[in-house]
Each structure stands twice: as C-alpha cells, then as structure tokens.
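Below: one structure, written as structure tokens.
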Amino acid sequence: MALTRRDVEAVAHLARLSLTEAELERYGAQLEAILGYVESLNRLPLEGVEPTTHLSPATDRARPDRPAPGLTQAEVEALAPEFRAGSVRVPKILEE
Amino acid sequence: MMKSPASLTIHEAAAALRAKTLSSVELTKAVFERIRAVEPQVHAYLHLTEEDALAQAAASDRRRAAEESRGPLDGVPIALKDNLCTRGVPTTCASKILERFVPPYDATVVTRLRAAGAVITGKTNLDEFAFGSSTENSAFGPSRNPWDLDRVPGGSSGGSAAAVAADEAIAALGSDTGGSIRQPAALCGLAGLKPTYGRVSRYGLIAFASSLDQIGPLAKDVEDCAILEEAIEGWDAADSTSVRLEGPSVTQASAGDIQGLRIGIAKEWLGTGLDPEVRAAVDGARVPLEKLGCTFREISLPLQDYALPIYYLVAPAEASSNLARFDGVKYGRREDGANIVEMYKKSRSAGFGPETKRRIILGTYVLSAGYYDAYYLKALKARTRLRQDYLDALKECDALLSPATPTPAFRIGEKADDPLQMYLSDIYTVSVNLVGLPALVVPCGFSAAGLPIGMQLIGRAFDDATLLRVGARYQNVTDWHRRKPPLPDSGEGGV
Amino acid sequence: MTEFETVIGLEVHCELSTKTKIFCGCSTKFGAAPNSQVCPVCLGLPGTLPVMNAEALERAILVGLAVGCTIRRRFKFDRKHYYYPDLPKNFQISQYDLPLAHDGRVDLAGAHPVRVKRVHLEEDAGKLVHEGAGQQIATGTAALVDYNRSGMPLLEIVSEPDLREPAEAVAYVKSLQTLVRYLHVSDGNMEEGSLRCDANISVRPKGADELGAKIEIKNMNSFKSIEHALTFEARRQRDALARGETLAQETRLWDDTAGETRSMRSKEAAHDYRYFPEPDLLVFTMDDARLAVIRGRLPELPWTKRLRYVQTLGLTDYDAGVLTSDRTVAEYFEATIAAGAPPKTACNWVSTELLGALHGRKLGIGDSRVAPRQLAALIALIDKATISGKIAKTVFAEMLVSGADPDAVVKAKGLVQITDEDALVTSVRDVLAANPQSVADFKAGKSQTIGFLVGQVMKATGGKANPQAVNKILKEELTR
C-alpha cells in the first residue's frame, strides 16, 4: 500500500486538518505502516459473512413524541465562541 | 498508627459511615488531604471540585443523621474520568479543543452516582479523547504510576487508576473502548470492570468509538466494582443501545461460591510477546481458583491475532466521525480564520494532539470512497467471526482467563514514538470490546521490580456477575489487592 | 435537426410535523426565537446520543406505503459526513443503502405514473443567514446559525427520472404535497420550507436510452420557481447541445430574481460522504403486525378518491380533482353526500359556493360555520322544491354568517316557496294583464316569451314562487 503525499493531503482536507510538511510525512508513513499491519485481514476468508454493525441485543428503540425541555438561548450563548443576534456566528462560508 | 480513611475501600468506608465511626466530611477531607500530599507527583486529576465535594459530603452526613441514607455509596468520594460530562464542571477529554468546555448537562452515570449520594472529587486525566494506553497523550501532561513514578499508569483511564491506587479517591469511573479501564487497572494493581456493551448508558460519555465504548468502575477491590456497577447500570431512555436488565442485582448475583465453574484459557494468549513474569503470575492464579472449585480447560480462539487489526480499523473510523463535531463553531476552542474552512482547519489543528490527528486521519482514510469495502467492511465481517469464536468458547466455559496486559507498566516515553508498539499493549483487551462481552481485571501478582500484574476474566454477555463472583472469591483468598504503592508521601498510614 | 427530450428526476424533502424533533424532545414549532428550541442532542454536544421519535418513524413508513413502496423489514441509519456550520455534528444521520421504503409509484392524473425510487428518513440541518450585502453566500462577510431546525425529522422521496416536462414536475410535487397533507404527516408548506425540492435534469436526443449529463438544480423554493428553473435549464441544455457543446455533471443554483440557473463554483471534487452505519441507533425491524397497524392509519389516497368520484359518483375529472386536492374538502364533500345530498349537486355547492365564499374570506373549510349536514339539508330543501335555487343562495349566505340550520333561516325570513297553484294564479293573471304585448307575441308563436313572463312572476313574488309551477300555470292561462 503506497500512499502519496497527495493522498495524505486529501484525507487531511476531508478531516479538516491542516498538516505541516513534517506532519504530512510522519502521518503518511505511520498510516502506511498501520495499513500494512491490517493487511493480514486479507488472509481471512470472509465470503458470506455478515458485518457486525451493532452489538446491543436491543432493537427498535424509539421514544414517544413528547416534548422535553432543552437549553435556553443564554445557555447556547455561554457555550459558543461567538454569538450575535441570538445566533452562533461563524466566519464567511465559501461557496462550494 | 491509624490507617487514613482515604485508603479505605467503598465497602469499608460504607461500614464506617454506617457505624458512625466516620463522617463523610471527615472521609472527604482525608481524601483531599491525600490529594494535596501526592498529587504533585502523580498528576491524576485535571480538575478538582473540593468545595462542592465538601458540600455534598455535609449533605450526606445530614441524610445519615436523618436516617435517609441512600446506600453504600452515600458520602463516598468518587473520581470521574474527564470524558464524562458534568454539568457546570469543565470536561476536557484532556484536549485543548475542549479546554473551555463546561457541559450544560450531566452524563447519565453521573446523575446516577449523585442520586446514590456519591461525593464527586473531580475529573481525572486521560489520553486525549481516550486515544492511548499511557496518558502520555493528554494535552495536560501524563499521569504517573503510583507504584513507580517513572512509569505510566496505563491508559486511557490512567488518571482514574492512578487516583485510586494513590488513595486520591475511594474509587473511580473510567471508560473502556479497547482496554482503557482494564489495562490501567492491571498496571496500577486495581480491579477494573468493562461491563457488557449495553449494560451502562453511554449518554454523556464523550464518544470515542460508539460501538465499543462502555463506562465502568476502577476500584481497590472487586466488591467495590460490583457496588459501582450496580449504581450506574441499567436502561436509560437517552441511550438507544442500553438494555433493560432483569434478574437479581449484580451485588446479589456476585455473592456465593464458584464451585464447579469451568474456566477456559486460550492457547493463542500465551504466545510470543508475553512477559514471563506476567505469564507466571496469571498461571499462578489457577491454584487458588482450583482450590475454590474451578476447573480449567484449554480452548482456542483462532481469530485472536486479527483482533488488533480489526480494532485499528473499526475504532479510528468511528472516532473520526465522532470527533468531526469539534470544529470551533458551537463550543470549545476556536482559532480565527478568514473563512469557515480556514477556521475549521486552524481550530482542529491547534486543538488536537498528534495521536488524535493520527487516528482521525486513519479513520477518515478507511471510510473514504474506494476504501470502505477493503478496510472497514472487511473489519466488520472479521468482527463477526471473532465474535463467533468467543460465543463458541463460552458455550463450554463459564468464563475465560487471560493476561490483562503483555507486560507490567512501561516507562514514560518508552513507546511514545511508536504507535504500533503502543497499540500492542492492548492485545488482550481489544477483542472483548469488539465482541461486546464483559471483562474484569483483578491483580494477581507483582513483578520482581514491584510492579503490579493483572489477570483478565471474560464472561458471557450480561453475565458480569459471574466475573465479579470469581474475582471476589479469588480476593477472599489472596491479598495482592491489599498492597499499597510505596509513594514518597503516603500519609499517616503507609504500608 | 435533432429533436431533444428532457429527463427530470426529483428529490423532494418533506419536514414531518411531529411534536418533537427526530432524535430529541425539542419542539418543532415554526417561528420561535433563534436557538431557543435546542438541546444538547440537536446541538451535537459531545456525549449526546440520538433516540428515534416513534411517530416520525411511523409517518415515514406511512408515506412509503402511500406511494406504493415496499417497506424494508430491517433497516438501519447511517452517518453522512460533510462539514457545514448548520450541521452540528458535521455528519447527518440519514439512510444510505437500506432506506426504509423503496420502489413505489405516484400516479399523476392525466399523465404517466412516476416511479419512486426510495423514501428515507433523516435529520434536518439548522438555518444559516449570511451577514453582508444582500445576505448572499457569495458576498457574505460572516454567517449566523440558528439550530432550531436542526434535528427536525425530514423525509426524502426520490423519484426515478420519469418526468419529461417542467409542468409534470410541478404536478408531481403538488401531488406529493397533497399526499403528505392527506396523511396529516406534514404541513407541506413550501414557503416555510417544510416542502423542498431539488431536481436532476438532463436532455437527450429523443428516443435515446442513455441519460445525458446529470445536472442538479437546487434552491427552487416555490412551484413557480420549479417550473421556471426547469424550463430555463432545459432550454439552456438544449441550446448548448445544439451548439455542439458537451455538458458536464454539476450542481447549479436557481436564482429567482435573475431568472436563471448558475453553476456553483469549485464543488469539492465529488463529495466523499464516508457513510457508515450509525452505531448509536439500533437496527429497526418491521413485522407484519406492526405494518398492519401503520397501514390502518392510511386514509383513502387522493388519487384513489379522485378515480372513485369519477367512476362511481359520476363527477367530471376536473371536479373530482378540485374536491380531492385537499383531504378536508373531500371529507366535507363526503359527509355532505352521506347526509343525503346527491353527489353532483353537493359537488357544485362545495366547490363553487362554499369554497368560493371561504376563499373570499381567506378561511379554510375547517372554519366553515355551515356543517355538511346543514348543506345537505339545504340541498334537500331545493330538491323538495321548498325553496328555489336562487333563494337557496340567500339562505346559504345567511348560514355562512350565523351557522343556523337552513329550515330556521327559511322560516325566519319567510322564504318558503309558493307552490300553491291557487295562490300563484292571481300573480300570473296580474302579470299577463300588465304585459299584453308579450301575451300577443306568445300567441303569435314566439314561445320564448314565456321566459320573460316567468321572470316577471318571480319578481312579483319576491322570488318565492316555484318556477315549475309558474311555468305550468302560465301555459294554462295563455292557452286558455
């Protein structure tokens, strides 16, 4: 599994991380080592095996459609790094 | 010389409180005195709540005077891992990204502890977001092993383990995703329980890997583990994966003998990489258990070698998703940026430490387009087979016995730069999370250098009580758990 | 010259009008102060977990059944990852490979059926307002986020590319709107954003099997803008192809003011949503018993009703369409005929008189002071010839205001029709005496004069005379 620098950069962007040159190199190498380590899974016959996505034996858990108290606007404000006009303020959004 | 009340177990403290030979305020004060004495060396805590603790203790004493005491935890000082949300008390996950975060709500386990009358001493250190096995990944500095201050207490619940081992709390809660309760319990000479997945509500536990995480106790003995599990477990409307429990309570079900129990030992566990001292100690535990009526048999878990690879795909994938929310928008740390993407990247890059970034990158990669089937899906399928191995083994055995860790506590810095080496210290614990079973770690010896060694008992789903029963009977006839670390300032009592 | 055909598929998002959000107990009321209907769960605070709203789930399945979908017996939810400040967790809990319903169809009146590919349930995001000139994303200097909408239950209904005309697309969205209102699962309000629509549109040479480059159109916020945007886009694509250009897959935004679609800049190289099963929600199962209970909540669907009105009640398709476009109207109409009114008469009264009057007052049928039973009684009075159709309108106007029974209004105002021939003969004779010219005309063979004479008699009796009786007496008197 050979990873290019561009691969690591693309993944870092997906995860919204900016990495320095040194980090790109280090994480790239470590990612490659770990991916190499997990390659052993390819030896396992897994045809027809269902994936395990959930472990809890409970199923169909749902709640009644009944309102419950939440937070006040003041509590939201206390949490937020920036708040204006009752709203959480963020820097401008780039058009995707 | 009288033993400091801080060195008591929950059940000993509860007995003293009940007999009114000790008040909760006295006990709480003793714990905070101990914290003042040893915390500079141990660094178990990230945040102390002394004032509030003393108020809770006074309230407990008033309840007791009015004969309205709420049970064995009423008035007992308990520490919480700092990834459990506490209303009005900072909850950081040992990350700079949550440095300013004060949750407006309590985790369900915290609500339940408070309802049981427990006194909360503070929030303990951990590897950032519980990613690690040593607390070296804490943004606020590592905790140290009370048995040897140059060594790690294990992780990620290393702060909770160090606090309890150093008598800075009577007991503590931790969380376990791949061994984060059991590995530090083993390295610090404590009992630690990872309950069956679904047994304890995860609401308010800052998620690492949602399909693996469970909250559980770290305590001075197995009996205390049972008391704590009973207080925190059970169905919770706020966690869809929590389960309604039936039958007798854990403390009732863990009483009684262990005559005739069949215990399996997998041959795959005793291979290379296992420290001979650890191997000898775990082997040595068979003698008292056999005397108590248990029989041993060799079993096979052919997929054991795949557990770590599966874990290092599943856990980072879920973690990368769970940690997407830390973006500087609604709470936590924000770094200025000219636009939203720049703000995200600066906040996350400044807020997360190296191991966190590493796992986010790994997890993002294995979930990304084109790789999902090759990595994540494959891991989920292998997980199914691993689980089948365990279920099969537990058809002919009532419990399984393994080492808890391949070695005793390692030195601080020893594995810090080699993630794969670090990951190997979880080799005996990760499977249990992948298959959702309960597991208990119990001290079973010491190395020649005086470091604690733990063994792990694995049980059937929702049969946590059998493990607690085996552990408690074992502790009736052994005294590994009674030893205290030789800390430079060990208060009035000492060993 | 090549003839082109337009191919349209729609993704309709419909906000369910449950009392609480999909995964928490926050209220879903529209129009509250920003960030006042939020909690740790829908704000995505660390440590919080989703718990499914049972009613949201049932409503989703109800819609799936209504559009004839197969309901999956086991379904799960998945996380869809993308970073946007209105999405608190930076992933949306949605459904990826196992949507709760799939493969259904909507029958458009007068057009071919539209296949429904899938119906799935997900959570909505918050609302963004851009600061700066025009509050546009392109010129925004910062943005404000309100999370009240975050976590509202959202149903996504995805059609196959079966639509060929913008007008068909509008008709399809309208029938879904009617449907969700019929089922009482959503307000279906486009203005408030509880019904939203994105389109995939492409053109291809007529008769071709392959689809052209799929172009996604977003930001169509009304029926009018759906029609305008799709018309514009179809033309733009045809023109481009006619010029020999090739079209690339892209997302375009409809600009209502400029009346055009425009390309969104640099779309992040094909989104990588990194779907994976949501571990915090369990797998859901649907057995026959449970499905039967939900099916029991299904009313007669609008298109079935419409067909029945035509086939068994003898209404025109147009009238049936008017009556069935709103469930409350249809129910009113059916209650009226259940109280004994003949369907055609009831249809005229409901669709013309009642809806006309209510519409003029900006009221809904639920606000009507005239109950179906009362309308049926009024129609019975006409049929029994107690009052004339004309008088009936006066009576109805009074009923609309007072809510009184028609009998009472007729009695109180003395509006009972005069059918007693003896009483009418005098009036007829008076009219004949006063109009000798008309009498002469009639006798000279101009039989249509009789209409004028009837009118004169009606006028003389204040409209209370029974027209049939007047007619009969007039003829007798004139031929005497």
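The values are calculated or read from the model by the stated rules, or taken from the named source; none is laboratory data. Everything numeric here is computed off the predicted structure, so don't read it as measured data. No Cβ is skipped: glycine too gets one built from the backbone with ideal geometry, and neighbour counts run over all protein chains shown.
May I ask you to verify whether C:G64 is away from chain B (no Cβ under 14 Å), surrounded by fewer than 23 Cβ atoms within 10 Å (Cβ to Cβ) and more than 19 Å from A:H54 (Cβ to Cβ)?
No.
Consider the range C:85-116. How many of its residues are over 17 Å from C:F284 (Cα atoms) and surrounded by fewer than 19 Cβ atoms within 10 Å (Cβ to Cβ)?
10
Go through the range B:450-468 residue by residue and tally those that are surrounded by 24 or more Cβ atoms within 10 Å (Cβ to Cβ) and more than 24 Å from B:Q388 (Cα to Cα).
Residues meeting the conditions: 3.
Can you find a residue in the range C:343-355 that is assigned to a loop (DSSP other than H, G, I, E, B) and under 21 Å from C:T178 (Cβ atoms)?
no
Could you tell me which of the residues B:A191, B:A165, B:A185 is away from chain C (no Cβ under 14 Å), buried (at least 24 other Cβ atoms within 10 Å of the Cβ) and touching a Phe, Trp or Tyr at 6+ places or on another chain (Cβ under 9 Å)?
Of the residues listed, the single one that is away from chain C (no Cβ under 14 Å), buried (at least 24 other Cβ atoms within 10 Å of the Cβ) and touching a Phe, Trp or Tyr at 6+ places or on another chain (Cβ under 9 Å) is B:A165.
If you go through the range C:274-285 one residue at a time, do you hit one that is surrounded by 15 or more Cβ atoms within 10 Å (Cβ to Cβ) and under 23 Å from C:A171 (Cβ atoms)?
There is no residue in the range C:274-285 that is surrounded by 15 or more Cβ atoms within 10 Å (Cβ to Cβ) and under 23 Å from C:A171 (Cβ atoms).
Could you list, in sequence order, the residues of the range B:48-102 that are in contact with a His (Cβ under 8 Å, 6 or more places away or on another chain), within 14 Å of chain C (Cβ to nearest Cβ) and of a type outside the set (D, E)?
Matches in the range B:48-102: B:V89, B:P90, B:T92.
Within the range C:156-196, track down each residue that is within 19 Å of C:D103 (Cα to Cα) and hydrophobic (A, V, I, L, M, F, W, C).
C:I157, C:V158, C:L163, C:A169, C:V173, C:L176, C:L179, C:V180, listed by residue number.
For the range C:22-48, name all the residues that are among the small types (G, A, S) and under 28 Å from the mean Cα position of the chain (by Cα).
Once the filter is applied, which keeps residues that are among the small types (G, A, S) and under 28 Å from the mean Cα position of the chain (by Cα), the range C:22-48 yields C:S27, C:G31, C:A32.
As an exercise: evaluate C:F4 against (1) within 20 Å of B:A237 (Cα to Cα); (2) at pLDDT below 95 and give the number of the one condition it does not meet.
Unmet for C:F4, out of (1) within 20 Å of B:A237 (Cα to Cα); (2) at pLDDT below 95: (1).
Based on what the data block shows, is B:G337 more than 7 Å from chain A (Cβ to nearest Cβ) and either closer than 25 Å to A:D7 by Cβ or aliphatic (A, V, I, L, M) (or both)?
So B:G337 does not fit the description; no.
Give the residue, chosen from C:G403, C:G445, C:G463, C:G414, that is surrounded by 15 or more Cβ atoms within 10 Å (Cβ to Cβ) and on the phi > 0 side of the Ramachandran plot.
Result: C:G463 is the single residue among C:G403, C:G445, C:G463, C:G414 that is surrounded by 15 or more Cβ atoms within 10 Å (Cβ to Cβ) and on the phi > 0 side of the Ramachandran plot.
Can you find a residue that is surrounded by 24 or more Cβ atoms within 10 Å (Cβ to Cβ) and over 24 Å from C:V180 (Cα atoms) anywhere in the range C:22-34?
Among the residues of the range C:22-34, not one is surrounded by 24 or more Cβ atoms within 10 Å (Cβ to Cβ) and over 24 Å from C:V180 (Cα atoms), which makes the answer no.
I need the full set of residues from the range B:376-421 which are within 24 Å of the chain's Cα centre (by Cα), within 9 Å of chain A (Cβ to nearest Cβ) and closer than 24 Å to B:I299 by Cα, in order please.
B:R383, B:L386, B:R387 - these are the residues of the range B:376-421 that are within 24 Å of the chain's Cα centre (by Cα), within 9 Å of chain A (Cβ to nearest Cβ) and closer than 24 Å to B:I299 by Cα.
Just checking, does the range C:77-89 include any residue being under 27 Å from the mean Cα position of the chain (by Cα) and at pLDDT 95 or above?
No, that holds for no residue.
Hey, could you check the range C:3-21 for residues that are charged (D, E, K, R) and within 14 Å of another protein chain (Cβ to nearest Cβ) and say which is surrounded by the most Cβ atoms within 10 Å (Cβ to Cβ)?
Ranking the qualifying residues of the range C:3-21, first place goes to C:K21.
Could you figure out which of (1) over 18 Å from C:L154 (Cβ atoms); (2) buried (at least 22 other Cβ atoms within 10 Å of the Cβ); (3) in contact with a strand residue (DSSP E or B) (Cβ under 8 Å, 6 or more places away or on another chain) isn't true of C:R72?
It is condition (2) that C:R72 fails.
I'm trying to understand the selection: among the residues of the range B:103-128, which are farther than 21 Å from B:G413 by Cβ and within 14 Å of another protein chain (Cβ to nearest Cβ)?
Matches in the range B:103-128: B:P103, B:P104, B:Y105, B:D106, B:A107, B:T108, B:V109, B:V110, B:T111, B:K123.
Counting only residues that are at pLDDT 90 or above and either at the interface with chain B (Cβ under 10 Å from one of its Cβ atoms) or over 30 Å from A:E50 (Cα atoms) (or both), how many does the range C:257-283 have?
Total satisfying the criteria: 17.
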